[in-house]
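To keep things clear, I will list the structure first and then write my remarks on it.
The values are calculated or read from the model by the stated rules, or taken from the named source; none is laboratory data. Because the structure is predicted, anything quoted here is derived from the model rather than measured. We place every Cβ from the backbone using ideal geometry, glycine too, and count neighbours over all the protein chains shown.
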Amino acid sequence: MIRSIHAREILDSRGNPTIEVRVHLSDKIIGTAQVPSGASTGIHEALELRDHDKKRYAGKGVLKAVNNVNSVIQKILLGKSVFDQRIIDELLIKLDATENKSHLGANAILGVSLACAHAGAKARSLPLYKYLREIFELSYESYSFPFATMNVLNGGAHAGWILDFQEFMIVPTQRSFKERVRCGSEIFHTLGALLSKKGYTTAVGDEGGYAVPFKKNEEALLFLTKAVREAGYIPGKNIFFALDPASSEFYDSKKKVYSLKRDGKQFTSEELISYYELLIKKYPIISLEDGLSEDDWQGWKEMTKRL
């Protein structure tokens, strides 16, 4: 049974406030969760509740969300079984009663939900993924370990717009996860040495990838391909690429164009899709995240059909 729930304000990896939640069970087990926060978030995403008090953390404090957990949410969940995860989540959604979680805050709701899940997994002595599959009655026949996408070059809002595209990632495909991690590390450090040799900075962006002022966005893929080969791997065989352009960030909704300042070009949806097609033919890109603006519905239909 849930004995108490306590939230507090902590700092995330960017030095911004976020929320940590601890769920205490009657058998003294504690589940803890910290809520992540993105630098570029869409207008349709669940609302991360901030204080907007300019005297604290430039308005980014989360004391309102913390208070919602410690008072409102705790009252309704005390005495509930932590194993009733679906009921807990439904209660949280009902208690908030808004489409975008703006009343309690998505950060408060997610923190409590995750902390309950972690506490439940501890109580059952199970890894979190196994616990969630069991309580939601998901078959292990469909289970497969996900591939890691490793962010090695940063741009966009993650690196002061040093490049237009936000994330350039590698996807190692070795049989064991241990080997994939080793592969990613070797490529990352090989890339750093290559950049340094060519006179580029090896400073990093928000998410730990190198933040390099290439003249054009595609140069990032050229350097990445060379680093993969120099590290002893083969692009398109045991290493693939993934991109997150975060296109909403450089979309002009009034002019309906995408502005790639590094390339000195403006693209319509159709032209940007054609540009992606060209990159996919030249490089082993297997994943494209947020390739178009979140509200470019017609463009998304076309991109899904063509890519």
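Quick notes on this one:
- Residues of the range 190-201 classified as assigned to a loop (DSSP other than H, G, I, E, B) and surrounded by 14 or more Cβ atoms within 10 Å (Cβ to Cβ), total: 1
- Number of the condition not met by G120 [criteria: (1) more than 24 Å from A46 (Cβ to Cβ); (2) of a type in the set (G, A, S); (3) in contact with a helix residue (DSSP H, G or I) (Cβ under 7 Å, 6 or more places away or on another chain)]: (1)
- Long-range neighbours under 6 Å by Cβ, at least six apart or interchain, first residue of a type outside the set (A, V, I, L, M, F, W, C) within the range 68-85, second in a helix (DSSP H, G or I) and surrounded by fewer than 14 Cβ atoms within 10 Å (Cβ to Cβ): none
- Checking each residue in the range 170-183 for being touching a residue at least 60 places away in the same chain (Cβ under 8 Å) and in contact with a Phe, Trp or Tyr (Cβ under 7 Å, 6 or more places away or on another chain) picks out I170, V171, T173.
- Number of positions in the range 99-122 that are of a type in the set (S, T, Y) and at pLDDT 95 or above: 1
- Of all residue pairs spaced 6 or more apart or on separate chains, those with beta-carbon atoms under 7 Å, a first member in the range 96-122 that is farther than 22 Å from D51 by Cα and a second member that is β-branched (V, I, T) and surrounded by 24 or more Cβ atoms within 10 Å (Cβ to Cβ) are A115/V21; A115/V23; C116/V23; C116/V82; A119/V23; A119/V82; G120/V82.
- Among the conditions (1) closer than 30 Å to E302 by Cβ; (2) touching a residue at least 24 places away in the same chain (Cβ under 8 Å); (3) surrounded by 14 or more Cβ atoms within 10 Å (Cβ to Cβ), S253 misses just one, which is (3).
For every residue, the table says whether it meets (1) modelled with pLDDT of 95 or more; (2) acidic (D, E); (3) exposed (fewer than 13 other Cβ atoms within 10 Å of the Cβ); (4) under 25 Å from V171 (Cβ atoms).
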residue: L243; (1), (2), (3), (4): yes, no, no, yes
residue: S259; (1), (2), (3), (4): yes, no, no, no
residue: S269; (1), (2), (3), (4): yes, no, no, no
residue: Y283; (1), (2), (3), (4): yes, no, no, yes
residue: L288; (1), (2), (3), (4): yes, no, no, yes
residue: G291; (1), (2), (3), (4): yes, no, no, yes
residue: D295; (1), (2), (3), (4): no, yes, no, no
residue: M303; (1), (2), (3), (4): yes, no, no, yes
residue: R306; (1), (2), (3), (4): yes, no, yes, yes
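- When restricted to residues that are more than 28 Å from I239 (Cα to Cα) and crowded, with 16+ Cβ neighbours inside 10 Å, the range 130-165 contains 3.
- Conditions (1) modelled with pLDDT under 95; (2) over 21 Å from the mean Cα position of the chain (by Cα); number of the one not met by G160: (2)
- Hits in the range 40-66 (condition: surrounded by fewer than 17 Cβ atoms within 10 Å (Cβ to Cβ) and without any contact (Cβ under 8 Å) to a residue 40 or more places away in the chain): T41, H52, D53, K54, K55, R56, A58, G59
- Residue ranges of helices (runs of 4 or more DSSP H) in the range 1-107 with at least 3 members assigned by TED's automatic domain parsing to the domain that holds G120 and within 30 Å of D295 (Cβ to Cβ): 85-96
- Exclusive hit being touching a residue at least 60 places away in the same chain (Cβ under 8 Å) and among the charged types (D, E, K, R), set E218, E186: E218
- Residue in the range 207-216 that is at pLDDT 95 or above and acidic (D, E) present: no
- Checking L132, L163 one by one, the residue that is of a type outside the set (S, T, N, Q) and closer than 30 Å to K80 by Cα is L132 and no other.
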